[in-house]
Amino acid sequence: MKDDRHSPFRDAQADRRTVEGIPDTPQTRAPAYKLAFADESFLCRDDLRPVRLQLELLKPELLMNEAGVESTIVLFGGARIPEPAKKGAARTKTLSYLSKFYHEAQSFAALMTRRSMESGGRENVIVTGGGPGVMEAGNRGAQEAGGRSIGLNIVLPFEQAPNEYVSPELCFNFHYFAIRKMHFLMRAQAICVFPGGFGTLDETFEALTLIQTGRMKAVPFLLFGRTFWEKIINWDALADAGTISEEDLDLFRFVETAEEAVKLIDNWEPAATRTEIPGR
């Protein structure tokens, strides 16, 4: 991370380098003597959680600002959705059917990235979770279109390296799900959700809740694959029960193809939402 400020004070990195050459004594070996900002054990204490939360908010924000990323197109979707060309990748008949959305995500990302290139790659940059499946397809489509894309990865016990198509300078790793989800939405100009599991559902409903309650401006919100979404969620039942309003069903649209999604984004008419609360 670059720092172009001209300060009269000594640089923190210079002090880190200096302490590497100090005499080896019982005092300098003691954990208490370590510079606080260079002491990993200290930074990982429970008491320092507020600091770690702030760091995870700041680091991607500063680097994206420095990279000139002004707005994003969010792609949510399942890590288990396979690329159709990979034989044996789908473990179930349903996953085999859903594999078509890998190509739709790839095509959609390519279409939006070509538009992004018209702004010098600053506007409508594709952002995914940086993992496999639909996320890989989104980053791959952006790369194949000649543009860059963002990957917001997270440390999980059973995976994972970022997919190979994320732009390295825009590839981030998180400990906190909450901060990661903030970064997904802070620059969002549209949200596109492909079939997925618990993680995708979590991201979808958090974003819908923010829009529904006016904590986030209404943006184009597209669900790819009507059959999938209507099978797993009875949207009308929520409205019939009164747990959501009828107008809440207008916060999103169903689409099937990349081309249909682009057309809807271009002609989006936002539904009436609650009074928006300034700030974020």
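The values are calculated or read from the model by the stated rules, or taken from the named source; none is laboratory data. Everything quoted here is computed from the prediction, not taken from an experiment. Cβ coordinates were reconstructed from backbone atoms using ideal geometry, including for glycine residues, and neighbour counts include every protein chain displayed.
Taking region 241-258 on its own, how many of its residues are of a type outside the set (D, E) and in a helix (DSSP H, G or I)?
Going residue by residue through region 241-258, those that are of a type outside the set (D, E) are 241-245, 249, 251-255, 257-258.
Remaining after also requiring in a helix (DSSP H, G or I): 241, 249, 258.
Number satisfying all stated conditions: 3.
Select from region 193-214 the residues that are closer than 10 Å to F252 by Cβ and buried (at least 21 other Cβ atoms within 10 Å of the Cβ) and write down the one among them that is farthest from the chain's Cα centre (by Cα). Outline the logic, then answer.
Our first condition is that a residue be closer than 10 Å to F252 by Cβ; within region 193-214, this holds for 193, 204, 207-208, 211.
Still in the running and buried (at least 21 other Cβ atoms within 10 Å of the Cβ): 193, 207, 211.
Numbers: V193: 12, A207: 12, I211: 17 Å.
So, considering only residues that are closer than 10 Å to F252 by Cβ and buried (at least 21 other Cβ atoms within 10 Å of the Cβ), the one farthest from the chain's Cα centre (by Cα) is I211.
Within region 145-157, take every residue that is assigned to a strand (DSSP E or B) and aliphatic (A, V, I, L, M) and give me the one that is surrounded by the fewest Cβ atoms within 10 Å (Cβ to Cβ). Give the steps one after another, and end with the answer.
Within region 145-157, the first condition is being assigned to a strand (DSSP E or B), and the residues that meet it are 149-154, 156.
With the extra rule that they be aliphatic (A, V, I, L, M), the set shrinks to 150, 152, 154, 156.
Working: I150: 30, L152: 25, I154: 19, L156: 10.
Of everything passing the filter in region 145-157, L156 is surrounded by the fewest Cβ atoms within 10 Å (Cβ to Cβ).
Quick one: how many residues across region 66-105 are under 21 Å from the mean Cα position of the chain (by Cα) and in contact (Cβ under 8 Å) with a residue 40 or more places away in the chain?
21
Could you list, in sequence order, the residues of region 215-244 that are exposed (fewer than 14 other Cβ atoms within 10 Å of the Cβ) and over 23 Å from I73 (Cβ atoms)?
T227, E230, K231, I232, N234, D236, A237, D240, A241, G242, T243
Return the residues of region 108-128 that are hydrophobic (A, V, I, L, M, F, W, C) and part of a strand (DSSP E or B); say none if nothing qualifies.
Taking region 108-128 first, the residues hydrophobic (A, V, I, L, M, F, W, C) are 108-112, 117, 125-127.
Of everything in region 108-128, those that are hydrophobic (A, V, I, L, M, F, W, C) and part of a strand (DSSP E or B) turn out to be V125, I126, V127.
Out of region 1-15, which residues are assigned to a loop (DSSP other than H, G, I, E, B) and either surrounded by 10 or more Cβ atoms within 10 Å (Cβ to Cβ) or at pLDDT 90 or above (or both)?
So the first thing to find is which residues in region 1-15 are assigned to a loop (DSSP other than H, G, I, E, B), and the list is 1-11.
D3, D11 - these are the residues of region 1-15 that are assigned to a loop (DSSP other than H, G, I, E, B) and either surrounded by 10 or more Cβ atoms within 10 Å (Cβ to Cβ) or at pLDDT 90 or above (or both).
Quick check on region 129-144: of everything there that is part of a loop (DSSP other than H, G, I, E, B) and of a type in the set (G, A, S), which residue is surrounded by the most Cβ atoms within 10 Å (Cβ to Cβ)?
Within region 129-144, the subset part of a loop (DSSP other than H, G, I, E, B) is 129-133.
Still in the list and also of a type in the set (G, A, S): 129-131, 133.
Values: G129: 33, G130: 27, G131: 25, G133: 29.
Here the answer is G129.
Can you confirm whether I73 is in a loop (DSSP other than H, G, I, E, B), of a type in the set (A, V, I, L, M, F, W, C) and surrounded by 10 or more Cβ atoms within 10 Å (Cβ to Cβ)? Don't jump to the end; show me each part of the working.
On the way: in a loop (DSSP other than H, G, I, E, B): no; of a type in the set (A, V, I, L, M, F, W, C): yes; surrounded by 10 or more Cβ atoms within 10 Å (Cβ to Cβ): yes.
Taking the combined requirement at face value, the residue does not satisfy it.
Let's see how each residue does on (1) in contact with a helix residue (DSSP H, G or I) (Cβ under 9 Å, 6 or more places away or on another chain); (2) assigned to a strand (DSSP E or B):
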site	(1), (2)
R180	yes, no
C192	yes, yes
G196	yes, no
D202	yes, no
L210	yes, no
M216	yes, no
L222	yes, yes
A239	yes, no
E260	no, no
